[in-house]
Amino acid sequence: MSKNTIKEHWNLIALEYQKKRKLSFDDIEYALGYARESELNLLGDVEEKRIVELGCGAAENSITLAKKGGICTGVDMSLEQLKYAKNLIIENKVKIELIEGDIENLIMIDDDIFDIAISIFALDWMQDLNAAFKEAYRILKPNGIFVFSMQHPIYNLLGAEDLDLKELKISGSYFEKEVTFVESTGIDLRVHASKISDIINGLIRIGFNIENILEPKPLERDVFPREEWYRKEIMEMVPSTLICKVLKVPK
Ligand SMILES: C[S@@+](CC[C@H](N)C(=O)[O-])C[C@H]1O[C@@H](n2cnc3c(N)ncnc32)[C@H](O)[C@@H]1O
C-alpha cells in the first residue's frame, strides 16, 4: 500500500468529506459528541503560540486557533483538501501557512519550532505511526504540547457502520497489523492498524510524557448521528475515539 494511494484517496474524496464534515471555526472538536477544546482546555492559552496542525484537511481547527491569536501552520498531503483550506482561510480572514507534505516525513520543517502540535483524525492514516510521532517530537520546542485524536482501536474492530447494537460482532483481530477499507472511491485502502499499546509505547519510547488520555463517552446534549460510522448507541458502550495529550520532554 503506497502513500500515493492514500493521497489519491483523499484527493478523490475531499469534496464528499468536506460536504459532510462541517466543523466549527470557534472551537475544536476532538471527538464527535464530546466536549470541545473550550471545555477540555488541553491546549491552554494559544495567543502568540506557534501551532502546527498535522493532517489539517480544510484547516478548520487551525482557523479556530488563529482566531484566538495562534500563529498557525497546517500540513496535509492532499492538495484537494488544501484547496478547501485556502478558501476557508480567506473567508475567515486569518493568516495560516499551508504546507503540502507528509506528516511522517516533515523534512521541510526545522527542529524545535512549534509550541503546540495538534492532529485530529489524521494519524489513523499512517503507514508508520512512530515516524509521525518522531516528527511531531522533533518539530516541537522542548516542553511543547502535542494533542491528537484518532479512531479508537477497539471501535475500529466493530464494523459499526450499518449495524444495530444487537448485530455487532468483532470484524477482525485486534492484533492484525493492517486494516483494509474499500471506500466510496473504490480504492482498496490498507492502512496500518495500531493497538493501544503500540500508541502508548510509541509515545513513551520517542520521549513524550503522557499527560492525559481520554476515551470519550458521548454527551447527552449532542445530536446524532452525523456520520453512519458513528452510532450513538454503540459509542455509549465503546469509545469511538482516543484523545491523547503528551508533552515533549527534552532529552
Ligand atoms: C480524516 S481527515 C482529517 C482532516 C481534519 N483534521 C479534520 O478533522 O477534518 C485525514 C486527513 O489526513 C490527511 N493525511 C493522511 N495521511 C497523511 C500524511 N501521511 N501526511 C499528511 N496528511 C495526511 C488526509 O489528506 C486528510 O486530509
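A few remarks follow.
- Scanning the range 57-67 for residues that are closer than 17 Å to W125 by Cβ and hydrophobic (A, V, I, L, M, F, W, C), we see that the one that is farthest from the ligand (Cβ to nearest atom) is A59.
- The residue that is surrounded by the most Cβ atoms within 10 Å (Cβ to Cβ), counting only those in the range 31-56 that are within 11 Å of the ligand (Cβ to nearest atom) and among the hydrophobic types (A, V, I, L, M, F, W, C), is C56.
- If you go through the range 28-37 and keep only what is under 21 Å from G70 (Cβ atoms) and either more than 15 Å from the chain's Cα centre (by Cα) or at pLDDT below 85 (or both), you end up with just A35.
- E80 within 16 Å of the ligand (Cβ to nearest atom), acidic (D, E) and more than 21 Å from G144 (Cα to Cα): yes
- Residues that are out of contact with any His (no Cβ under 9 Å at 6 or more places or on another chain), at pLDDT 80 or above and under 16 Å from M150 (Cα atoms) within the range 217-241 comprise K217, P218, M235, listed in sequence order.
- Qualifying positions in the range 88-100 - touching a residue at least 24 places away in the same chain (Cβ under 8 Å) and over 17 Å from the mean Cα position of the chain (by Cα): L88, I89, N92, V94, K95, I96, E97
- Within the range 1-27, considering residues that are of a type in the set (S, T, N, Q), over 16 Å from the mean Cα position of the chain (by Cα) and in a helix (DSSP H, G or I), the one nearest to the ligand (Cβ to nearest atom): N11
- Filtered residue count, the range 61-89, keeping only those that are farther than 18 Å from R21 by Cα and of a type in the set (K, R): 2
- Qualifying residues in the range 83-98 (those that are β-branched (V, I, T) and more than 22 Å from G44 (Cα to Cα)) - the one nearest to the ligand (Cβ to nearest atom): I89
- Subset of the range 36-50 [outside any helix (DSSP H, G or I) and either out of contact with any strand residue (DSSP E or B) (no Cβ under 9 Å at 6 or more places or on another chain) or within 14 Å of I120 (Cα to Cα) (or both)]: R36, N41, L42, L43, D45, E47
For every residue, the table says whether it meets (1) without any contact (Cβ under 8 Å) to a residue 40 or more places away in the chain; (2) in contact with a His (Cβ under 8 Å, 6 or more places away or on another chain); (3) small (G, A, S).
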site	(1), (2), (3)
I63	yes, no, no
C72	yes, no, no
K83	no, no, no
I103	no, no, no
A132	no, no, yes
I139	no, no, no
Q151	no, no, no
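- Look at (1) in contact (Cβ under 8 Å) with a residue 12 or more places away in the chain; (2) closer than 16 Å to G55 by Cα; (3) of a type outside the set (S, T, Y) and you find that M108 fails only one, number (1).
- Residue satisfying condition, being under 30 Å from K134 (Cα atoms), surrounded by 14 or more Cβ atoms within 10 Å (Cβ to Cβ) and modelled with pLDDT under 90, within set V182, V246, V191: V191
The values are calculated or read from the model by the stated rules, or taken from the named source; none is laboratory data. These figures come from a predicted structure and were not determined experimentally. Reconstructed Cβ throughout: ideal geometry from the backbone, glycine too, with neighbour counts over all protein chains shown.
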